[in-house]
Structure formats: structure tokens, C-alpha cells
Amino acid sequence: MFVRTYGKPYMQNSEVFENLFAELKRYYTGGNVNLEEMLNDFWSRLLERMFTLLNSQYVITEDYLECISKYTDQLKPFGDVPKKLKSQVTRAFIAARTFVQGLSVGREVAQRVSKVSSTPACIRALTKMMYCPFCQGMPAVKACKNYCLNVMKGCLANQADLDPEWNLYIGASHTQIQTFYFQSSSVRQRQTKSGKMF
């Protein structure tokens, strides 16, 4: 998309954006990245590159570019876009990273619980419930609901202790998903109304 829109100037300076995306990915996957510093650095490097491109008829020194970077807050060459984008990106990435880490914890818990072996008493009770009708010559007869529930409660007694905590986890995950949906819907509505991205 950037190549199609900006062509050669983008291709010659693509590492500015590639570094931004690499750092965002590193943060998202749990890396130790300060989002605010990283975004400030991105806007500084972008300003330096754009200033150099727009003033290619001049020889611009590193000292001069450093001076421009020092006065970025006063000059506001990108308007309020960096401030707005910093706020939106920070909120979105903190929420997304938290959500992904939560999913990872949930996956680990589910995997560990699924590997818990059944006790000998549970195996006997399940075998009796499932195969006793065969021994008595009545293979079509199913165990009654209460008997089945009682056996399963006995077999899952240890896992049942997880139920309240697991329900809290599922509730928190659901709330987070609703928050993502609400935020993205709000952003889309604002963009549609204003015709702008920021």
C-alpha cells in the first residue's frame, strides 16, 4: 500500500516504517518496549527524512536535523496527528497485549487441566456406568441422568474447584472483547462522519 501510494520516496525510506512495525510487533508479543519513546522516535526520524526529501536542493547536516528534532513540539510539522496517534496506538496495543497474554494463560490452564489423569475410582465408576448394561444383556439401556451426573461430579471434583475462577476468566475475556468491539465501532463511526483517519 505504501509503495503504491508514495512510490520511490517510500521505498528509499521504508526502514523508518519497518522499524516502527517491528517494534510494535515486539511490544505486542511481550517485548520490553516503551511505546511512548518508540513513537516519539518514529516521528523524529520521519520528520528528519521528510525534511531532507522536501529540501533535497540543500546539504543538510546531522546537527541541523538534530536541531529541528529538538523543536518538533513547537513546530508541530504533523499537526496533532502524533499526539492523537500516540494515544490511540498506546491504548490499543496495551489492551491487545493484555488480551493476548490472557488467552495464553487460558490456553496453558486448559492444557494442564486436560492432562490430569483420572483416579482409579473414577475409571471404575465410568466403566461400571458405561458397560454394566452390556453385562446384564441390555446394551440399549443408557445410564440414568442422575447416575451419570453423580459419576461425572465425582470424577471432576478436583477440576470443579477451578469453575469459579475459570468463569471469572471467561467473563473478563468477554468484557475485553466487547471493549475492543466498542472502540473499533466508535473509531469507524467517527471516521465515516468526518471522512478522516485521525
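The values are calculated or read from the model by the stated rules, or taken from the named source; none is laboratory data. Bear in mind that the values here come from a model prediction, so they are computed numbers and not experimental data. All Cβ positions, glycine included, derive from the backbone under ideal geometry; neighbour counts span all protein chains shown.
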When the range 7-38 is examined, which residues are found to be in a loop (DSSP other than H, G, I, E, B) and under 29 Å from F99 (Cβ atoms)?
-> T29, G30, G31, N32, V33, N34
Subset of the range 17-28 (residues that are surrounded by fewer than 17 Cβ atoms within 10 Å (Cβ to Cβ) and without any contact (Cβ under 8 Å) to a residue 40 or more places away in the chain) | F17, E18, N19, F21, A22, K25, R26
All-but-one check, G102 against (1) touching a residue at least 40 places away in the same chain (Cβ under 8 Å); (2) in a helix (DSSP H, G or I); (3) exposed (fewer than 11 other Cβ atoms within 10 Å of the Cβ); (4) of a type outside the set (S, T, Y), failing number (3)
Complete set of residues in the range 111-129 that are surrounded by 13 or more Cβ atoms within 10 Å (Cβ to Cβ) and either in a helix (DSSP H, G or I) or modelled with pLDDT of 90 or more (or both) | V113, C122, A125, L126, K128, M129
The residue from I123, I94, I68 that alone is within 26 Å of the chain's Cα centre (by Cα) and β-branched (V, I, T) is I94
If you check every pair at least six apart or on different chains, which have Cβ atoms under 6 Å apart with a residue in the range 128-144 that is farther than 19 Å from G154 by Cβ first and a residue that is exposed (fewer than 13 other Cβ atoms within 10 Å of the Cβ) second?
-> P133/P139; P133/V141
Just checking, which of D41, D63 is modelled with pLDDT of 90 or more, farther than 30 Å from E165 by Cβ, part of a helix (DSSP H, G or I) and under 29 Å from the mean Cα position of the chain (by Cα)?
-> D41
Residues of the range 131-174 satisfying the condition of being modelled with pLDDT of 85 or more and closer than 18 Å to R107 by Cβ = E165, W166, N167, L168, Y169, I170, G171, A172, S173, H174
Of all residues in the range 132-164, count the ones that are charged (D, E, K, R) and within 21 Å of K115 (Cβ to Cβ).
-> 3
